[in-house]
Amino acid sequence: MATTLPVKVEFSLPEGWQSALPDEVGAPGVAFVALHPDSRDGFTANITIAGKLRGEGDTATGEGDTATGKGDTATGEGDLATGESDLATYAGDLVAIADESVQRLSEAATVRVAKRTHVGTPEAPGFTQTLRISTTLRGWPLDLVQSQVYLVMQDMHDPAKRAVIELALTARPSQLDAVADDFKEFVRSFRPAEPATA
């Protein structure tokens, strides 16, 4: 079943992308899926969003994995139970969450970490990683690239709420030129939703 994000967010979907119901595209553990139909080549490039409140259970971002073609969305798991309120403490958690994502994906595919980078500031940390994934889809070999961006977000409606959000782009290497800039644009547009004014 599709999940919901623990904080309210806003984003802009680049032209050429279409939202899809997570359950209908085999990504039940995420809150949002967008597909890029023009890139379809035995695999449709996709963007997923997942998230979890810090300290809520053992899962960091969901349980899906569209990358492996097995019906979930490559979001990862992690221990978020430290409960500290300082956003700077999230930086280490983000690395642990990224490690858990690699470990979980490795259970169904061959995964290699191509690049990892800390981003953001101590007050608003983020972490990115690029994965090379070799798996099968309907019995055929499939090589994928997944770009994951982990962000710590504070709920503008309830400042005590903080969540780790995962944004992921999954595509074949041959599709990257067509979708990589769109994903960067999408990430730049992603932000906490502003509180409604009375």
Members of segment 34-52 found to be over 13 Å from E166 (Cβ atoms) and in a strand (DSSP E or B), listed by number: A34, L35, N46
Could you tell me whether R138 is at positive phi and basic (K, R)? yes
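Taking the options E77, E24, E63, name whichever one is out of contact with any strand residue (DSSP E or B) (no Cβ under 8 Å at 6 or more places or on another chain) and either part of a loop (DSSP other than H, G, I, E, B) or at pLDDT below 90 (or both).
Details: E24 fails: either part of a loop (DSSP other than H, G, I, E, B) or at pLDDT below 90 (or both); E63 fails: out of contact with any strand residue (DSSP E or B) (no Cβ under 8 Å at 6 or more places or on another chain).
Testing whether each residue is out of contact with any strand residue (DSSP E or B) (no Cβ under 8 Å at 6 or more places or on another chain) and either part of a loop (DSSP other than H, G, I, E, B) or at pLDDT below 90 (or both) leaves just E77.
Please tell me if V149 is aliphatic (A, V, I, L, M) and modelled with pLDDT under 95. Outline the logic, then answer.
Values: aliphatic (A, V, I, L, M): yes; modelled with pLDDT under 95: no.
Here the answer is no, as V149 does not meet what is asked.
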Across segment 120-171, the tally of residues that are aliphatic (A, V, I, L, M) and closer than 19 Å to D182 by Cβ stands at 10
Matching residues in segment 156-182 - criterion: being farther than 16 Å from Q129 by Cα, part of a strand (DSSP E or B) and among the charged types (D, E, K, R): R162
Can you say whether K161 is surrounded by fewer than 22 Cβ atoms within 10 Å (Cβ to Cβ), at pLDDT 95 or above and not polar (S, T, N, Q), as far as the supplied structure shows? no
For residues that are touching a residue at least 24 places away in the same chain (Cβ under 8 Å), of a type in the set (S, T, N, Q) and surrounded by fewer than 24 Cβ atoms within 10 Å (Cβ to Cβ), tally how many sit in segment 15-55. 1
So in segment 98-153, with the set limited to residues that are farther than 21 Å from K184 by Cα, touching a residue at least 60 places away in the same chain (Cβ under 8 Å) and in a strand (DSSP E or B), which one is farthest from the chain's Cα centre (by Cα)? W140
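The values are calculated or read from the model by the stated rules, or taken from the named source; none is laboratory data. This one's a predicted model, so the numbers in the text were calculated from it and none came from an experiment. In this analysis, Cβ positions are derived from the backbone assuming ideal geometry, glycine residues included, and neighbour counts consider all displayed protein chains.
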